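The structure appears below as structure tokens.
Only the coordinates and a few stated rules stand behind these numbers; no lab work does. A quick note: this is a predicted structure, and the numbers were derived from the prediction, not measured. Every residue, glycine among them, receives a Cβ derived from its backbone with ideal geometry; neighbour counts consider all protein chains shown.
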Ligand code: GDP
């Protein structure tokens, strides 16, 4: 069948009818080895469905079993996925599965999305206001400014989208929810104050996200402004500015007077050109919720940023586990519009429920599909979310190619210990695994640290530093591990152990066979032999046996003798009869159930 893309970006069959199952979805990157549970989550289905499909292909796996590529590729088509690439494009150890490949010829340049970050009072809000006032998108002039969480401005014919919530907490909260929204980060540093703790934090959050940085050296109108000092401080934080041979653009500005702001915008355009940010305006829209609030008369007002495709009135969409149909759309100037393309922020009406900032929205082919996806997501929400890494399982993840670096966030009591711990941790790096310090600073462990840990799959280490109450609760909820130390050697020992994989491995109990007692014989004074029939699996000489009667466990212990007819055997398989003696149990009854257990190493 030849499918085409219609003007709404949908795949249509030869007769023009929509092909429902061709729902557009991001390519999936599948690590070299992945658990059945994680694979199911990736393919948006349940582990049970995945296990069933494996069985149809002749493989038996349990939910926590780890499977490899060749097996994944066999079952992926049953879930509508096909293998897009093997290893080369995404680096070793990954395959990419996709339902629909984005056609490169459909891609068009889109405006960059910019977030402003920096220390409190360094001028983020003032800069956002100044940019907004002086660079209104001309076609929308005349409208009344609405604060919807994001806006667009025009500079020399180029459009830039600004997210209106400055600060790294919002930035990383989005990332922690899986949404990479920002293309360029502007870090504001007041020239009279220099780099402060929150500037450092912002730099680390942005670096962890791999987003290009432009520095705005602000308040240059102030008599005590010292831009040169800021440049030196930037260099100390590995941000070498262009005039000193680096690649970081630092633009001197006064957010208050507007001086230097046009040049800052020009620089953002240059960075955007280098970044070649593109999207397909002809696809079904997909993007991110920037903010949402409830209005008594209008219902939920949701500001979304379209990241790909074009959003239109009448579109059905899913947002997280919510559903909706677009009733109306408004620009950041409150003007009603019918459609919004890539990088455009719009306020939409019609979502049933209140989504959260950072939720991803996707337009579906029709209402039925939206319903199905929402139902599936609600089921998925019931399945336990996979938690972040712990020091104990880091080595397994390194081995499987899942983690090549151990991401750490370190908080200490005093600034002096930050440097000491940093350099000590660096000595632990090996060829196979290294420590990646996502963020290290003094102070207590905050919610922002936990957010960063979620977003960068990091472990939080407190050195004489305790988590704030809300941070601890948040960490528990998100499955982020916090480890506390007061002796540096203990800290280093644990990290080293994690890296070299000699931490206590994790074991689990598996049942490998089940049999029913059919007869009981006495051999010695009190010695009993149980004659059994294996219903399933096998009973092995070295199994640990659980004797069950009426659902109750009577005994757990080792086998002292295992026979098949007269012979001593190592195991008795399904459908066969045998006899066994147990160490310390001599009260068998006909009908008792014998379960053979084995302890298996998980990591
Ligand atoms: P934010 O906390 O980073 O959002 O900082 P604000 O934008 O609220 O600014 C903090 C204070 O610095 C306000 O009193 C601003 O008027 C002032 N301010 C911001 N930018 C400048 C500037 O370029 N020059 C001067 N002199 N003051 C500024």
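Annotation for residue 560 and residue 125: the two label points, set 7 Å from Cα along the Cα-Cβ direction, are 8.0 nm apart. Please work out the Cα center distance from the range 154-196 to the range 508-584, rounded to the nearest Å. When both Cα centres are located, 66 Å separates them. Placing a pseudo-label 7 Å from each Cα along the Cα-to-Cβ vector at residue 577 and residue 62 gives an inter-label distance of 3.1 nm. For the range 448-603, the alpha-carbon coordinates run over 66, 30, 28 Å along the three principal axes, in decreasing order. The value of relative contact order for the range 460-573, using C-alpha pairs under 8 Å at least six residues apart, is 16 percent.
Computed over the range 508-573, the P(r) tail beyond 18 angstrom holds 36 percent of alpha carbon pairs. Normalised by residue number, the volume inside the convex hull of the Cα atoms of the range 303-378 is 81 Å³ per residue.
Take every pair of alpha-carbon atoms less than 8 Å apart whose residues are at least six positions apart; their mean separation over the length of the range 225-306 yields a relative contact order of 13 percent.
Extension gain, residue 492 to residue 522: 0.36 nm times the residue separation minus the Cα-Cα distance gives 4.9 nm. What the Cα atoms of the range 192-344 give is an Rg and a Dmax of 20.1, 56 Å. Give the separation of the Cα centroids, the range 246-312 to the range 28-70, in Å. For the range 246-312 versus the range 28-70, the Cα centre distance is 38 Å.
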